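First comes the structure, then the notes that go with it.
Nothing in this text is a laboratory measurement; each read-out follows from the coordinates by a stated rule. Because the structure is predicted, anything quoted here is derived from the model rather than measured. All Cβ positions, even for glycine, are placed from backbone atoms using ideal geometry, and neighbour counts span all protein chains on display.
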Amino acid sequence: MTTPTPKPTSRQKLLDAALRVVREQGYSATTVDDLCRAAGVTKGAFFHHFATKDELAVAAADYWSEMTGGFFADAPYHQHEDPLDRVLGYIEFRKQILQGRVADFTCLVGTMVQETYDSHPAIRDACDRSISSHAEKVEVDIAEAMRRHKINADWTAKSLALHTQAVLQGAFILAKAKGGPDIAAQSAEHLRRYIELLFGRSQKGDANV
């Protein structure tokens, strides 16, 4: 006998709605009414769980980390034995998920922090936690790759891990400006080639990229 899947609570519905709506129209343009409509809940339900839209945004950033953390933890690039291949596989995986509408693949916390970094410190800090915690997971493989490939440099695994996030977040901005994923995919390719150069790995099949 299968256990029935529990129905999402009003709080989860609101968090799921925030992930969709904020990426579609931005944080400032998103209203409590928009979120309630997308979630299919009443305003009373909203204010039962969250005192303000800002409080929901902080919770949504943490929820985004939880959801994407599980998604990336199950990604196939972790199966590579060489940590450098895991780093490059991570970049390739990020490229492969650039599918669908721009709002479908762009980053919730990257979207929110652009609008709130100065005006809403609590949201900024929640977004920083999310981006930094993701970078820390990439940093582990970069550090191991540096040891394995005997890279002695004036840059650190942490700085390179954060640089990967800077490139990818910038790629999302370009995708928004250009109205599609192609330019973001090209940025991911450039990032892959840059990391290969840092580690002295020869590039193959890039002549037409």
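In table form, for the structure just shown:
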{"quantity": "Relative exposure of 125, 141, judged by other C-beta atoms within 10 Å (fewest first)", "calculated": "125, 141"}
{"quantity": "Across 95/158; 53/95; 7/53; 7/95; 13/178; 13/176, pairs whose alpha-carbon gap is larger than 28 Å", "calculated": "53/95; 7/95; 13/178"}
{"quantity": "Neighbour-count order for 164, 68, fewest beta carbons within 10 angstrom listed first", "calculated": "68, 164"}
{"quantity": "Highest-fluctuation residue, 116, 106, 31 considered, GNM on the chain with Cα pairs under 10 Å", "calculated": "31"}
{"quantity": "Residues 112, 67, sorted so that the one with the fewest Cβ neighbours within 10 Å comes first", "calculated": "67, 112"}
{"quantity": "³J(HN,Hα), Karplus 6.51/-1.76/1.60, whole Hz, each residue of the stretch 34-40, x for Gly, Pro", "calculated": "4, 5, 5, 4, 5, 7, x"}
{"quantity": "Per-residue ³J(HN,Hα) for the stretch 6-13, Karplus 6.51 cos²θ - 1.76 cosθ + 1.60, θ = phi - 60°, Hz, x for Gly and Pro", "calculated": "x, 5, x, 6, 4, 5, 5, 4"}
{"quantity": "Per-residue HN-Hα couplings for the stretch 126-136 [Karplus 6.51, -1.76, 1.60; θ = phi - 60°; Hz; x = Gly/Pro]", "calculated": "5, 5, 4, 4, 5, 5, 5, 5, 5, 4, 4"}
{"quantity": "Candidate aspartates and glutamates - alpha carbon under 12 Å from residue 43, same-chain residues fewer than 8 apart omitted", "calculated": "33, 34"}
